[in-house]
Every structure is written in C-alpha cells, then in structure tokens.
C-alpha cells in the first residue's frame, strides 16, 4: 500500500493542476495547467411533500437507462455493463428508516486495534475493527456505511491510506501498512451512513437535472438565456417550447436546451453554469447534513510505535484570450522544445461563461492527435458527472476508451496518463461516495489498457489538509512527482 511523503523543498517542480476536468497534451516532460473553479453550491432544499417514501433502498439497473433520443448503439457490451453493475453494487439497508437517529452515527460508533503489540516493525500490517451503531447507540446489524481510514504521523508529515472491508453485519475492518519509523496514529471517518448512501444513489439515478445549465443564444444585438442539460426532463421542458437538441456528429453526445423565444437553435454561442435545484425531504437532508458527514470516530487514541519554496515554472503561457476557467490554454518552452495544451472536457461542465466552440469532447480531441514517442496525453473526468445517472458517465468513458485505443494502435509509443478522482465533495451534488463510484468505474473500464494511473484518491484520502475538491499544493507536488516518473523516467 503506497505511502505519501510530502516534501517541501526549495526546488519544487510544479507542472500544474491536472486535478480538474480535462485533457492535456504535452510534448516532453513539463506542463502547466490552470485551476478551474466550480460555482458555490447552495444549501440543500427541504421539500418533504415531494418525497413520499422517506427511506427506500434503490437498485441500479444500468441497462434500463437510455441517454437520449435516437442514441446510437453503446460502445459498452451488455456483459461489461453487468460486470460494472456488480462491481459497484452497494449493500442496501434491509429496513426503511423513518428518523435520522435510526441511521448509523459516527458519534456512537467506535473502533479498536486488533491484537495490539507493544512494538511493530516497518512493513507490518495492522488491523482496526470498526463497530457501527445508530444514533440510539444500538449496534448495526447490516453494512453499507462509507468510511475512510488513514494512518498518519503529523510531525513527519507522513500518512497512508487504509483499505476498509465491509463484513455486512455492522462491523468493518481497516488494514494499514506501517511504512515509517516512529509513531503512527489511526483516524477513521464516517463519510456517509448506509442510509445516506441510498439517498445519494436514488437522487443520482432519478434526478439527473438537480444541476442545471444555461445556454446563451445571440444574433447581433439580440440575446437570450435558456435552461440546458444533458438529458430531457420535466423541469427542462416545463413552460417553454421544446427543444433545441445538439448531437455531436462523431461522439454522438447530446445536449438539450429550451428553445429560445425569438432566436433559432443555431444561435447558441456560449455555455455556463446555471444553479442547483435538488429536492430532498427533511429526513434526506438530515442524513446528508454536515454534522453527520465526514465525522471522525472515537477510538481510544489508537497509535503504534514502529522501529527500524516557491515553484519554478519552465513554460511560458500564451494569452489566447479564452475563458480563465475553461481555457483552452497553451504554454511553451522553446529552449527545450516543449508545447503544452490544456482544455476542459466537453459538456456537462460547471463553469463560467465559455464559448461553446471551445468545449471539445476528449474523444474527439484525441482523434486529432498523431501521437508518438514524444507525445503524452493526460486526462481526468469525473467531477462534473456526479449528478448524473451512472450510465451517462459510462458512455462517455467508452467513447474516450475507443479514442485512446485508436491512438495507441496508430502510435503505440504514445504515453497515456489518467488522473483518478480525488476526495473533497460532501453533499448530494458531489459526495465522496458518488466520486468513488465514478472512480471505480474509470479504473474498471481502463484496467486492460496500457495506460498509467496517478492515484490521487489515496493521496487526498489520507492527507492532513481539510477536504477540498481542489487539493492543496503539497498534493499537487506529489502528483507531479509521480507523473514525471513515467514521463521522464531517466
């Protein structure tokens, strides 16, 4: 299990923030990426009258979802869909709770070190037992809670990710490898109760328009803004002529906007974030409230004893007069013959006003590359898909995978790097559980390809900084170090 060492030297190598949405094309060993910014989320709405069943387990059947009208056959086989569905299946509570105190509570749950010893050696593995209880202190008899575990030493600035195993009976075990000398302290956090996970799952699959977008239409001095989204929905089509549907000729991705009152569909010029409109019952809101999300468990202060500057930017960014959030951006190092291009992935995208023409799908962008031994393609895609049904994300991954396969067939020397998801979200619009599901699907769909994964999930799960969807500089430095070990191994 990898340990993350956080170095704060004077000669820090920064290649940029690949932690956002994106496709990156590099020539040689350096890159520079600007950080994107998501709009601030509003508080979760509480409208109990809209949810008649307070807590009912939900099962995903991927084959039942269709991404849009007249969609072409998917690039995912039914067998692969079934396999992914099984791999991502999450245990549902056998009962429907009617009050928040019936759900798992981090305040009453606990953990303890199994078979403790006075002294351990570097390389040993320790196991911690987690006992889940509800808000009334009753032991839970079923699993499905979402925990994150880490082992750390604050003075050494060292930490390691712990793998949590669900025994489906209210108990869990977390394993840690001891990777440094000195003290190591255990920290267990309950990210979501099993009951809260069901809320996230149900709203992901059944309320795909809880985040909405705006399309800007313009013709001369006349302009209109209308609601847009990746799928048709009642709220999208309500009270307006329907609809302008845009289908990419290569990827077959679709985007739907309400029809402007006075402008044609061809007048669409820009895209931007609209807002948040999730509808949650009072019980669902309480299960996802900040007071019960990402709470550290008590565990008797478990710790074990183990024996044994400023960045220098090489690239000069060109001013392309593009969106400062979505790009595209370009930087060069003429002396070392390096060219770097960054752009945000195609819709859906939570961002500021961006010309639609600047939003390219990753798969279509990869198709334009010749590739070769001096080419590196880096992409990450997940954060803007947490609000949509899983099948939509799988279809996007399938199109990207097809493009990557084609690239590697015509230029096998090309290096393809995938940055995984990271932690940092905590609500119905982007919980860590939702991110974990997408990250798991990403790894499954690309596991048999000759690509490199930069595992940022483990880094951010065990790092000492507060949760942030945009990790701090220390994490970026470690991402860059790991990335460069593949790009420039000599």
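Assorted remarks:
- For the stretch 380-438, the square roots of the Cα gyration tensor eigenvalues, ordered a ≥ b ≥ c, give a/c of at least 1.5 with a/b no greater than b/c, which places it in the oblate category.
- A convex hull fitted around the alpha carbon atoms of the stretch 208-277 yields 90 Å³ per residue.
- The distance linking the stretch 418-490 with the stretch 98-114 is 28 Å (Cα centroid to Cα centroid, whole angstrom).
- Computed FRET value (nearest 0.05) for residue 246 with residue 155, which takes r as the C-beta separation and R₀ as 51 Å: 0.40
- Point-to-point label distance, residue 185-residue 225, nm (Cα→Cβ direction, 7 Å offset): 4.7 nm
- Alpha carbon centroid spacing (whole Å) that separates the stretch 328-396 from the stretch 234-298: 21 Å
- Cβ-to-Cβ counts within 10 Å put 484, 238 in ascending order as 238, 484, the fewest first.
- Full-stretch length increase - residue 337, residue 453 - with 0.36 nm per residue and alpha-carbon distance subtracted: 39.2 nm
- Its alpha carbons give the stretch 85-155 an Rg and a Dmax of 16.0, 48 Å.
- For the stretch 333-415: rounded, prolate or oblate by the Cα gyration tensor [a/c cutoff 1.5]: oblate
- Over the stretch 336-490: Rg over Rh, Cα atoms, Kirkwood Rh: 0.95
- In whole percents, the pair-distance distribution calculated for the stretch 438-490 from its alpha-carbon pairs, binned every 5 Å from zero, is 4, 16, 24, 20, 20, 12, 3.
- Sorted fewest first by neighbouring Cβ atoms within 10 angstrom, 427, 252 come out as 252, 427.
Just so you know, all these numbers are worked out from the coordinates, no wet-lab data involved. Being a predicted model, the structure only gives us computed values, none of them experimental. So basically every Cβ, Gly included, is an ideal-geometry build from the backbone, and we count neighbours across all protein chains shown.
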